[in-house]
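Accompanying notes for the structure given below.
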Amino acid sequence: GEQPMMDHAQEQADEIEALQSIYAGYFDLISESPWKFLVAVDPEAAQEREGDSAEPVRLQITFTERYPEEAPEVEVKYSHILARHATALRRHVQQCSADFLGEVMVFNLVTAAKEWLEENNLSAAQDWGADEE
């Protein structure tokens, strides 16, 4: 049978609504057309490490018109990791997005980013880089 046409706009709006409730204060909507927003990846860790001034690593995600059939645009916003780490993280998230095409994926991408930070000891909870001074 024919696949019904995916209603991209509806899928996107529904996902944004879900993300706002999942991430609450760690979700910042930047624009609505296209949907563009920031999600904090490791907010708990950042708070433990730096108290209230903590800047968690954030993913800035922009939905393309055909998302989720197409991967979203992803940028990494950061203060406590190095530029090369941010580049590697962005590449990792982009690779992950290929596995989720056709389904809403932001939660999975944020989770993947968080795991990557932890695996590479870059989570704000860890004291890293002290020996790089």
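Taking all protein chains into account, the per residue accessible area for the chain stands at 58 Å² (1.4 Å probe).
Applying 0.36 nm per residue to the separation of R66 and E17 and subtracting their alpha-carbon distance, the gain on full extension is 15.8 nm. Label positions at R91 and E115, each projected 7 Å from the Cα along the C-beta direction, are separated by 1.9 nm. With both labels modelled 7 Å from their Cα along Cα-to-Cβ, the A83 to A24 distance reads 3.7 nm. In percent, rounded to a whole number, the relative contact order of the chain is 21, using alpha-carbon pairs under 8 Å and six or more apart.
Ignoring ligands, DNA and RNA, please state the percent of accessible area on the chain from carbon and sulfur, probe 1.4 Å.
The C+S portion of the solvent-accessible surface of the chain is 45 percent.
In the chain, the DSSP-assigned H stretches of four residues or longer account for a calculated mean residue ellipticity at 222 nm of -13500 deg cm²/dmol, using -39500 (n - 2.57) per stretch and the full residue count as denominator.
Note on D99 and R49: with the Förster distance fixed at 35 Å, the Cβ-Cβ geometry gives a FRET efficiency of about 0.70.
Compute the length gained on full extension between E73 and F107: take 0.36 nm times their separation in residues and subtract their Cα-Cα distance, giving the result in nm to one decimal.
10.8 nm
The values are calculated or read from the model by the stated rules, or taken from the named source; none is laboratory data. The shown structure was predicted, so the numbers you read here are calculated from the model rather than taken from an experiment. Because the Cβ atoms are built from the backbone with ideal geometry, glycine has one as well, and the counts that use them run over all protein chains shown. Only protein heavy atoms, including side chains, enter the accessible area calculation; ligands, DNA and RNA are left aside. Shrake-Rupley method; radii C 1.70, N 1.55, O 1.52, S 1.80 Å.
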